[in-house]
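Participant: Supplied in structure tokens, the structure appears directly below.
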Amino acid sequence: MKPEENMNENGARRVALPLLLGCLTLSAAAGAAGPILVIGDNGVGGITRDTPFDPKAISQALPGLAVERAEATAEGIAYPVIRVLRDKHELLVLAPDLEQRHVGSLMSASPEVASSQGVTVGASFQQIYERQTPSACEAGVEEWSGMVFCPAPASNNVQLLFKGQWSGPDGNLPPPEVLRTWTVAQIWWLPPEE
């Protein structure tokens, strides 16, 4: 997906984010007493849409955590990322905006990070959406094929990426009875639009 293709036919941002973090794997350790960081509509910790995409700025926004530059690839294209770690366990991966000046998105695959409503990696779809599938859920594409993005409860800028077993057609949502068994694999944040 090209960056300019990140809008759907209604002008809304796609949940399958452009060129971001497709090669990342879960590397964080479980077992914390509570979340170390909370991802909300405005960001996480001191990271907001105005935070420069710079390790020093990220360190100032998240004191006490290790921050390092890294590189990721999506569809063969390399791009810079900034990793946030605690005790060598990855908590967050930040990607730049299109101009590479500010934080453009962030992702967590760590069970030590939660959404503002308390959702963490490993939570089941059924625990989060007790009665029905949100209408804004979308099947993942490209790196996220076979997965589903859904809006986090009570949030406009936080998305949950669900993963599970299903052998249905690519690009389609699994039926509700299948999706209920899936679990959160990642929590995503995109800055609010201006």
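The values are calculated or read from the model by the stated rules, or taken from the named source; none is laboratory data. Values in this document were obtained by computation on a predicted structure and should not be read as measured data. A quick note on method: Cβ atoms are made from the backbone with ideal geometry, for glycine too, and the neighbour counts reach across all protein chains shown.
Participant: Ile187 passes all but one of (1) touching a Lys or Arg at 6+ places or on another chain (Cβ under 7 Å); (2) closer than 19 Å to Arg83 by Cβ; which number fails?
Facilitator: (1)
Participant: Give region 87-117 a look and list any residue that's small (Gly, Ala, Ser) and either modelled with pLDDT under 95 or closer than 16 Å to Gly40 by Cα (or both), or say none. Lay out the reasoning, then the answer.
Facilitator: Of the residues in region 87-117, the ones small (Gly, Ala, Ser) are 95, 104-105, 108-110, 114-116.
Result: Gly104, Ser105, Ser108, Ala109, Ser110, Ala114, Ser115, Ser116.
Participant: Of (1) surrounded by 14 or more Cβ atoms within 10 Å (Cβ to Cβ); (2) at pLDDT 90 or above, Ala28 satisfies all except one. Which?
Facilitator: Going through the list (1) surrounded by 14 or more Cβ atoms within 10 Å (Cβ to Cβ); (2) at pLDDT 90 or above, Ala28 breaks only (2).
Conditions tested, residue by residue: (1) farther than 24 Å from Asp97 by Cβ; (2) outside any loop (DSSP other than H, G, I, E, B); (3) free of Cβ contacts under 8 Å to residues at least 12 places away in the same chain; (4) not basic (Lys, Arg).
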position: Phe149; (1), (2), (3), (4): no, yes, no, yes
position: Pro153; (1), (2), (3), (4): yes, no, no, yes
position: Asn156; (1), (2), (3), (4): no, no, no, yes
position: Gln159; (1), (2), (3), (4): no, yes, no, yes
position: Gln165; (1), (2), (3), (4): yes, no, no, yes
position: Pro191; (1), (2), (3), (4): no, no, no, yes
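Participant: On to the next question. Which numbered condition in (1) outside any loop (DSSP other than H, G, I, E, B); (2) surrounded by fewer than 21 Cβ atoms within 10 Å (Cβ to Cβ); (3) touching a residue at least 12 places away in the same chain (Cβ under 8 Å) is the only one that Ala136 fails?
Facilitator: Ala136 satisfies every listed condition except (1).
Participant: Among the residues of region 62-74, write down those that are surrounded by 16 or more Cβ atoms within 10 Å (Cβ to Cβ) and either under 15 Å from Pro96 (Cβ atoms) or not small (Gly, Ala, Ser) (or both).
Facilitator: Step one: filter region 62-74 for residues surrounded by 16 or more Cβ atoms within 10 Å (Cβ to Cβ), giving 62, 65-67, 72, 74.
Correct list: Leu62, Leu65, Val67, Ala72, Ala74.
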